[in-house]
Amino acid sequence: MPRRQGHPAQSAALILLTCAIFAVDAFTRLDTAIAVMYIVVLMLAASAWPRRAALALSVACVLLTMGAYLIAHGFTLHPSPAGRALVSIAAIGIATWLAVKCQDTLDRLRQRQDALRRSEAFLAGAQRLTRTGSFGIKVPDASMVWSEEAARIFGYSGDAAPSMERVLERTLPEDRAAVREAFGRALACEGQIDFAHRLLLPDGQLRHVHVLAEVSRDEYGDCEYLGAITDITERVEAEQQLHASQIQLAHAARVSMLGELAASVAHEVNQPLTAILANAKAARRWLGRPEPDLPETMAALDGIVQASERAGQVIRRIRALARRADPEHRQLDLNALVTETIELLQRELERAPLALRLDLEPGLPAVVGDRVELQQVLINLIMNALQAMAAPRTPARLEVRTYRDGETVGLSVRDSGPGIADADSARLFEPFFSTKSDGMGLGLSICRSIITKHGGQIGARSTPPGSTFHVELPVPQEAHAHEQ
Ligand code: ADP
C-alpha cells in the first residue's frame, strides 16, 4: 500500500482551514450550509493524508458541525439551521465515503504503475541480457515502435525513433533486398516473418540478427506485427568457427587416410603410367619396322593419349582429396562415386582374399553434395570394413549397395567381420571412440558430421555375420518433382 505523508505545513494549513470554517459556522449568522466547506478540506486531506487521518478529520468535521450548531442555537431545535447542519453532516459523510473510494482507486492505480515500472525494468534487463529487442509495426501506416535494446542492436541510441529507413541504413547492402521484401510482406499482412540478416554498423562492425514477428490484430481489427529481434552474432561466429574446424579436421583425416592408402594411390597412378609405357614401346616397334605400320602406331599413340588423360584424372582426384578446400555442393551420381572409390581402393581390396559384391541400383537420382567429402565417408566405411575383416575367421565378404528409398538415396557397406557389440553400438559415432589399438576414433564421427551437413543420416547395425553401415541422403526436391 503506497504511503501518503502530508507535508507538515500543508497539514497545518488544513487544520487551520477546518478551524476557520468552524469559527464562521459557529459564530457568524451566515444563512448557508457553511459546514459544506468541510468537504473541500476533506478532499484535500484525502489526497495528502493517510486514510486513518482523513477518517479522523471527517469525524472531527461532523463533530464540529454539531458543535457549531449547539454554540449557535443551543439544544433547541430550529428547523432551518438544523436542516442545514444535517445536510452538511450528510454531505461530509458522502464526501468521506467518496474520498475513501477514490483513495483506494488511486492506491491500486499507483500499485499497478509501480508493478508496470518494475516489469518494464525487468524486461529491459532481460532484453539486454539476451540481446533481444522487441518491436511493433502497424500495418496501414507502417508506423513502428521498438524497445531500447532493439535500437541499440541497430547501433542507435536507446531513444532513437524507429523507421524503415533507419533499419535499411544499418542493413548490410547485400541483405537490403531481403529486408525490403520482408517489410513488404509485413505491409501486406502476409503471416509470420522469420528471417536472419546482417547489419553493418558505422564503426564497421558486422552483426547477425534474427527477426521473428507474428501478426496480431489491434482493437479496430487492423493488422499489426509484434516481434523480436535477436543479436545472434556470437552464435553465428561460433558456428562458423565450428564449421571451419570441422573442415580442417576432415581434411587432416583425409590426408592421414591418403597416407594409409599410399599403396593404392601409387597403384592408381601407376596403372595409366604402365599403359603409357607399353603403348610408347609398341609405337616405337611399329615405327622401327622396315615398313612402319602407321595405323598401329596411331592406335598406340591414341592409347597414350587416353592413358595420359586417365593419369591426369587420377591425379586430380587424389589432389582433391589432399587439398584443403571449402566443400562445393554439386549434383553427384552416387553409383559413379562408388565405382571410382572402389578403383582407388583396388590395392587394399586385393590384399586378402575377399569376395566383393557391388549392387548398384541403376537410374538413381542425383544427390547434391561435395564429391570429396562423400568419397571420404565411403573410403572410411570400406577401410573400417576391411579392418574389421582383417582377422582370418570367416570368409571375407564385402558388399557395397546403393538403393532408392522414398525421398532418399541410400548407400550401405556390409562386411562379414565380428559385428558390433551391443555396448559399443551407441558410441560408434562419438569422437575418440575406438576399439583398435592404433585407432584415433575420429573416422566415424567425421563421417557423421559430413553426412549431417548434407542433410542425411548415417547409422550402423549388426547383420550377422558382420555389420552394415548405411548412409541416407535426401533426393533434391527438383529431382523428385522431375521424376514425378
Ligand atoms: P577408428 O577406425 O580409428 O577406430 P572410427 O571412428 O572409424 O575410428 O571407428 C570407431 C570404432 O567403430 C572402431 O574402433 C570399431 O570399434 C567400430 N567399427 C567401425 N567400423 C566397424 C565395422 N565395420 N565393424 C565393426 N566395428 C566397426
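Rule-based calculations on the coordinates, nothing more; no lab input. Just so we're clear, the structure is a prediction, and the values are computed from it rather than from any experiment. Backbone-built Cβ (ideal geometry, glycine too); neighbour counts: all protein chains shown.
Ranked by how many other Cβ atoms sit within 10 Å of their own Cβ, fewest first, the residues Cys447, Cys102 fall in the order Cys102, Cys447.
Each Lys or Arg adds one and each Asp or Glu subtracts one; over the other residues with Cβ under 9 Å from the Cβ of Glu224, this totals 0. Sorted on the mean count of surrounding Cβ atoms within 10 Å across their residues, most packed first, peptides 61-74, 423-436 read 61-74, 423-436.
Between the helical axis of 8-27 and the longest alpha-carbon principal axis of the chain there is an angle of about 30 degrees. Site pair Arg461 and Cys102 shows an inter-label distance of 8.1 nm when each label is modelled 7 Å from Cα along Cα→Cβ.
Modelled spin labels at Thr76 and Tyr403, positioned 7 Å past Cα toward Cβ, are 12.2 nm from each other.
Stretching the chain fully between Leu172 and Gln313 yields a gain of 46.6 nm (0.36 nm per residue, less the alpha carbon separation). Residues whose amide H comes within less than 5 Å of that of Arg404, counting only those at least five positions distant or on another chain, are Gly410 (H built at 1.01 Å from N in the peptide plane). Taking a quarter of the surface of the Cα convex hull of the range 118-160 gives a mean projected area of 3.3 nm².
Would you calculate a helix-derived [θ] at 222 nm for the chain, using -39,500 (n - 2.57) for each DSSP H run of n ≥ 4 and dividing by the full residue count, to the nearest 500? Show your work: numbers first, answer last.
On the way: 16 runs with 271 residues, N = 484.
It comes out at -19000 deg cm²/dmol, rounded to the nearest 500.
The calculated FRET efficiency for the pair Glu296 and Ala266, based on their C-beta separation and a Förster distance of 25 Å, comes to about 0.25. Counted over the chain with a bin width of 10 Å, the fraction of Cα pairs per bin, in whole percents, is 3, 12, 14, 11, 12, 11, 8, 6, 5, 5, 5, 3, 2, 1, 1, 0, 0. Annotation for Gln477 and Arg351: the two label points, set 7 Å from Cα along the Cα-Cβ direction, are 4.5 nm apart.
Sort 397-407, 144-154, 321-331 for me by packing, meaning the mean count of neighbouring Cβ atoms within 10 Å per residue, highest on top. Provide the component values of the computation, followed by the final result.
On the way: 397-407: 16.2, 144-154: 21.3, 321-331: 12.8.
Descending packing order for the listed peptides: 144-154, 397-407, 321-331.
Compared with the dominant Cα axis of the chain, that is its longest principal axis, helix 38-48 is turned about 30°. Tell me the angle of helix 443-453 to the major Cα principal axis of the chain, expressed in degrees between 0 and 90 and rounded to the nearest ten. Roughly 60 degrees between the two axes. Sequentially through the range 175-191, phi angles give Karplus couplings (6.51, -1.76, 1.60; θ = phi - 60°) of 9, 5, 4, 5, 5, 4, 5, 5, 5, x, 5, 5, 5, 8, 6, 9, x Hz, Gly and Pro residues having no value and appearing as x. Remark on Val475: its backbone amide H falls under 5 Å from those of Thr408, Val409, a criterion applied only to residues 5 or more positions apart or on other chains, H modelled at 1.01 Å from N. Charge tally for Tyr69 (other residues, Cβ to Cβ under 12 Å; Lys, Arg +1; Asp, Glu -1): 0. Annotation: amide H of Leu356 within the under-5 Å range of Leu398, sequence separation 5 or more or interchain, hydrogens built in the peptide plane. Among Ser462, Ser143, the order by Cβ neighbours within 10 angstrom, fewest to most, reads Ser143, Ser462.
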